[in-house]
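Asker: Structure provided below as structure tokens; questions to follow.
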Amino acid sequence: MISRNLKIYFRDRTAVFMSLLTILIIIGLYAIFLGNNMEEMFKQASGKTIGIQELVNTWVIAGILSITPVTVSLAVFSLKVHDEEESIARSFAITPASRWRIVASYIVSGLVASFVLSVITLFVGEMYIWLTGGAFLPLESWFSLIGIILINVLCCSSIMFFIASLVKKASAFSSVSTIVGTVIGFIAGIYLPIGSLPAAVQTAMKCFPFTYGASTIREIMTKEPLQQVFAGNTLAMDATKEMIGITIYWGDKIVTTGVSLLILSAFAVLFGILSVILMKRQTK
């Protein structure tokens, strides 16, 4: 079942393209005008020009990396909606596999596809940074990122599976996917840095785990570029990190990386439990 779901997803070029459409839109927006705005902001904050492009590139790629499992897992879970609508799921019912095993196959398929494409996104992003004059991440940073990506994938996939379980029609699921793909870029602070938004909007964004996924990934990926750009200017660097969503505050307390990962894990467990409850009700 898992192999079947993954083959269907990866062989459907349209599905893969649509799941990456939000990422392509973000890249396009930054290439056209948002990138220039970010560069000017960093120049004004640091008073320097050296290393600015690398900092912008790493910040954008980190944001893209944080939302990749959202769009990818949602696209994979569309198979569940399609199978149920087309009564394909009924044919599975006559096989020895239990309903829970069938459901688990969709979940694992979403996790695997999201993790694989997230790692590919990281590798391609690092190659782009290197080709544009930046530096590769240290090996220890790669190991840290892989772990964070895994937790982020678990969190995002858990939430997306719960959403997918609420939808019964492919047409409705398409609308949901469009809405999620549009909104996620704002929630993760990619289209607009969180610090540039009103306080009420910032508070609302902090209620979503995607903000913390983006924060933890950005913390690692932008560490070296930030030190290069803001060398000797700690106050400006700290203010900039808060502005662009690397450092998250609740009141006057900093949300540490450990707390952010705990929040991601908690949301993964919460929506996993909600999905189980929902599936039990649907099987009655």
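Asker: Being under 25 Å from THR132 (Cβ atoms) and either part of a helix (DSSP H, G or I) or open to solvent by less than 60 Å² (accessible area, probe 1.4 Å) (or both) is the requirement here; does GLY181 meet it?
Answerer: Details: under 25 Å from THR132 (Cβ atoms): no; either part of a helix (DSSP H, G or I) or open to solvent by less than 60 Å² (accessible area, probe 1.4 Å) (or both): yes.
So GLY181 does not fit the description; no.
Asker: Exactly one of these conditions fails for LYS206: (1) within 28 Å of ASN5 (Cβ to Cβ); (2) out of contact with any helix residue (DSSP H, G or I) (no Cβ under 7 Å at 6 or more places or on another chain); (3) in contact (Cβ under 8 Å) with a residue 12 or more places away in the chain. Give me its number.
Answerer: LYS206 satisfies all of (1) within 28 Å of ASN5 (Cβ to Cβ); (2) out of contact with any helix residue (DSSP H, G or I) (no Cβ under 7 Å at 6 or more places or on another chain); (3) in contact (Cβ under 8 Å) with a residue 12 or more places away in the chain except (1).
Asker: Restricting segment 146-160 to residues that are crowded, with 21+ Cβ neighbours inside 10 Å and not hydrophobic (A, V, I, L, M, F, W, C), which is farthest from MET279 (Cα to Cα)?
Answerer: Going through the qualifying residues, I end up with ASN152.
Asker: Let me ask you something else. Has segment 223-246 got at least one residue that is open to solvent by less than 80 Å² (accessible area, probe 1.4 Å), among the acidic types (Asp, Glu) and over 21 Å from CYS156 (Cβ atoms)? Talk me through it step by step, then tell me what you get.
Answerer: Here is the first cut: in segment 223-246, the residues open to solvent by less than 80 Å² (accessible area, probe 1.4 Å) are 225-226, 229-231, 233, 236-241, 243-246.
Filter again for among the acidic types (Asp, Glu), leaving 238.
This time we only want the ones that are over 21 Å from CYS156 (Cβ atoms), so: 238.
There is at least one residue in segment 223-246 that is open to solvent by less than 80 Å² (accessible area, probe 1.4 Å), among the acidic types (Asp, Glu) and over 21 Å from CYS156 (Cβ atoms).
Asker: Still on this model: Quick one: would you say GLY133 is modelled with pLDDT under 90, farther than 17 Å from LEU20 by Cα, crowded, with 21+ Cβ neighbours inside 10 Å and out of contact with any His (no Cβ under 6 Å at 6 or more places or on another chain)?
Answerer: no
Asker: Of these, SER174, SER105, SER118, which one is at pLDDT 90 or above and either part of a helix (DSSP H, G or I) or open to solvent by 40 Å² or more (accessible area, probe 1.4 Å) (or both)? Give the steps one after another, and end with the answer.
Answerer: Numbers: SER174 fails: at pLDDT 90 or above; SER105 fails: at pLDDT 90 or above.
None of the other options fit; the residue is SER118.
Asker: Answer with yes or no whether VAL201 is open to solvent by 10 Å² or more (accessible area, probe 1.4 Å) and either outside any helix (DSSP H, G or I) or over 25 Å from SER19 (Cβ atoms) (or both).
Answerer: Details: open to solvent by 10 Å² or more (accessible area, probe 1.4 Å): yes; either outside any helix (DSSP H, G or I) or over 25 Å from SER19 (Cβ atoms) (or both): yes.
Yes, satisfied.
Asker: When you go through (1) of a type in the set (Phe, Trp, Tyr); (2) at pLDDT below 90; (3) open to solvent by 30 Å² or more (accessible area, probe 1.4 Å) one by one for TRP142, which number turns out not to apply?
Answerer: Failed condition: (2).
Asker: Next question, about the same structure. Does VAL72 satisfy being buried (at least 18 other Cβ atoms within 10 Å of the Cβ) and modelled with pLDDT under 90?
Answerer: Details: buried (at least 18 other Cβ atoms within 10 Å of the Cβ): yes; modelled with pLDDT under 90: no.
Answer is no for this residue.
Asker: Inside segment 238-255, can you point out the residues that are of a type in the set (A, V, I, L, M) and under 15 Å from PRO193 (Cβ atoms)?
Answerer: Answer for segment 238-255, where residues must be of a type in the set (A, V, I, L, M) and under 15 Å from PRO193 (Cβ atoms): ALA239, MET243, ILE244, ILE246, ILE248.
Asker: Moving on to the next point. Wholly within segment 212-284, which helices (runs of 4 or more DSSP H) include no fewer than the required count, namely at least 3 residues that are under 22 Å from LEU122 (Cβ atoms) and out of contact with any Lys or Arg (no Cβ under 9 Å at 6 or more places or on another chain)? Before you say what the answer is, go through the steps one by one.
Answerer: Numbers: elements: 223-229, 234-243, 257-283.
Fully inside segment 212-284 and qualifying: 223-229, 257-283.
Asker: Separate question: Does any residue of segment 267-274 turn out to be touching a Leu at 6+ places or on another chain (Cβ under 8 Å) and in contact (Cβ under 8 Å) with a residue 12 or more places away in the chain? Show your work before the answer.
Answerer: Taking segment 267-274 as the starting set, the residues that turn out to be touching a Leu at 6+ places or on another chain (Cβ under 8 Å) are 268.
Filter again for in contact (Cβ under 8 Å) with a residue 12 or more places away in the chain, leaving 268.
Yes.
Asker: Let me ask something additional. Restricting to segment 21-59, count the residues that are among the β-branched types (Val, Ile, Thr), open to solvent by less than 20 Å² (accessible area, probe 1.4 Å) and under 17 Å from THR222 (Cα atoms). Full working, then the answer.
Answerer: Step one: filter segment 21-59 for residues among the β-branched types (Val, Ile, Thr), giving 22-23, 25-27, 32, 49-50, 52, 56, 58.
Filter once more, keeping what is open to solvent by less than 20 Å² (accessible area, probe 1.4 Å): 22-23, 26, 52, 56, 58.
Within this subset, residues satisfying the condition of being under 17 Å from THR222 (Cα atoms) are 52, 56, 58.
Total satisfying the criteria: 3.
The values are calculated or read from the model by the stated rules, or taken from the named source; none is laboratory data. Given the structure is predicted, the values throughout are model-derived calculations rather than measurements. Please note: Cβ atoms are built from the backbone with ideal geometry, for glycine as well, and neighbour counts cover all protein chains shown. Just so you know, the surface numbers come from the protein's heavy atoms only, side chains and all, with ligands and any DNA or RNA stripped out. Shrake-Rupley method; radii C 1.70, N 1.55, O 1.52, S 1.80 Å.
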